[in-house]
Structures are given as structure tokens and as C-alpha cells.
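Every number here is computed from the coordinates shown, using simple stated rules; none is lab data. Fair warning: this is a prediction, and the values are worked out from it, not measured in the lab. For neighbour counting, all protein chains shown are included, and Cβ atoms are generated from backbone atoms with ideal geometry for every residue, glycine included.
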Amino acid sequence: MEKVRVFLTDWQILFRAGVHLTLAAEKSYEIIGEAATNEWALDFIERHQPAVAILNADHGELTGAEITKRVKRNLPSVAVILMMDGYGDEKVFTALKSGASACLSKDVKPDDLLKTVRGVVQGEYPISQWILQPVIASQILNEFEIFEKLRDKMSSLPVCLSSLEAQILQHISSGNSLVEIARKLDISEDIIRQRLYTILGKLVANDRNHQLK
């Protein structure tokens, strides 16, 4: 069976070595390259096209989110995982808009890292679960309002939220749980999770169109 090709960048040598050892212990992964800074990442990823790129979110002249936007614009099939020194609402929101498949804290357990890598290889976007945080949901609603005001400055018309998607975000921002939202809107939790993926896709598309103008 062909191994999953992974590229890794982080300024901390010991952390990078730990991720390398964790993945190398699984026969299904192959580390095809490493770098200490994100500045090296874009050229390597474009030349070698790994299935997964694990990037540092916080350090370097180019942030992980900036690299992710460029990678996803040119190579949408590459799944990007952003590693953070610590979670923060603004950092997570920036990661959401970048098109990253997942973001993890650098104190992540090895089993959780492997689970995330397996998921993104299969096309999952674990990062979408952050939309269930009230602060993040509020930021997304505000972002779509901004996109609407910037219609003339975007390369194409902004993708709008559907009525159901807006209601879901409003309920989340009010502090309602997944179970409560499903009951209030008379829909299944699976439908809500599917809509989170759709909301994420629209958020990324609008941000990209704005950047391209």
C-alpha cells in the first residue's frame, strides 16, 4: 500500500522530532521533508506535493495561515494541519479562514495527532468543530456581514449564508448546545455538522475572493 506523504515544519527541533517519530512509527506514513521555518514550506510543498503538510502556526515571517492560503489556492488537495503554541479565538478564526483542515495545540497527545492526520487524509475537516464555540460563531456571522459590505471589492460576489446556516450560527453564538439547536430547529445533529462544513467552505471562499481582488 502506498504510504501517505507528509511534510513537517516547526522551529522547535525536539517538537519536530517528536512528531516525526510519532508518524514514522506508523507504517502508513512517510515524512518526505522537514524545515525549521515556514519560509521553506511553500516551495517544497509545491515541488513535492505531500498529502499532508503540518505547519507551525505562530512563528516565522510568514505565518502558517498565510502559507496555508497559498497552498490551498494552488494545491487544494494538500491537507494542512496548523500546530499552535496555544489556542486563542483570533488564531483559531484565522486558521478557519485559511482553509486548514485542522488546528492542534503543540501539547497534543500522539494518539490525537494520529487520529487527526488519518481524518484529514480521508477528507475530513476537524477544524469545523471550532464553529461550535460561541465566540467563533459570532465572529463568522460578523465576517459574513463584512463580506456583504465589501461586494464591490471582491473578485466575485460573496457566497451568502442560507437561512438555516445563519440560524445555526445565531443559536451557537447564544450558547446553545448541538442537542439544543437540533431540537429548536427540528433537524438532526448530523445535518448541523454537515452545515458546519458548508459554512466553513463559504467562509474560506469569501476570504480567498477578497484576497484576490
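Charging the Cβ of each Asp and Glu at -1 and of each Lys and Arg at +1, and nothing else, the dipole of the chain about its Cα centre rounds to 480 debye. Between GLU30 and ASN74, the C-beta separation translates, for a Förster distance of 30 Å, into a calculated FRET efficiency of about 0.85.
Given 37 °C and 0.692 mPa s, compute D for segment 132-212 with the Stokes-Einstein relation, Rh being the Kirkwood radius over Cα pairs; round to the nearest whole µm²/s.
In µm²/s, the coefficient is 252.
Legend: distances between Cα atoms for LYS72/LYS115; LYS91/LYS202; LYS3/LYS106; LYS91/LYS115; LYS27/LYS202; LYS109/LYS202; pairs beyond 27 Å are LYS27/LYS202; LYS109/LYS202. Rounded to the nearest 20 debye, the dipole magnitude of segment 4-124 is 400 debye, with +1 charges on Lys and Arg beta carbons, -1 on Asp and Glu beta carbons, and the Cα centre as origin. Quarter the surface of the alpha carbon convex hull of the chain and you get the mean projected area, 12.2 square nanometres. Taking the number of Cβ atoms within 10 Å of each Cβ as an exposure proxy, the fewest-first ranking of ILE146, ILE131 is ILE146, ILE131. Between VAL121 and GLU61, residue separation times 0.36 nm minus the direct Cα-Cα distance comes to 18.8 nm. Between ARG151 and ILE191, the FRET efficiency estimated from the beta carbon spacing at R0 = 45 angstrom works out to 0.95. Within segment 129-150, name every residue whose backbone N is under 18 Å away from a label modeled 7 Å from Cα of GLN167 along the Cβ vector. Correct set: 141. Note on ASP107 and GLN12: the extension gain reaches 32.9 nm, defined as 0.36 nm multiplied by sequence separation minus the Cα-Cα distance. Ranking VAL80, VAL204, SER162 by how far each Cα lies toward the positive end of the dipole of the chain (charges on Cβ) leaves SER162 at the top.
For segment 132-212, a crude dipole built from +1 on the beta carbon of Lys and Arg and -1 on the beta carbon of Asp and Glu, taken about the Cα centre, is about 140 debye to the nearest 20.
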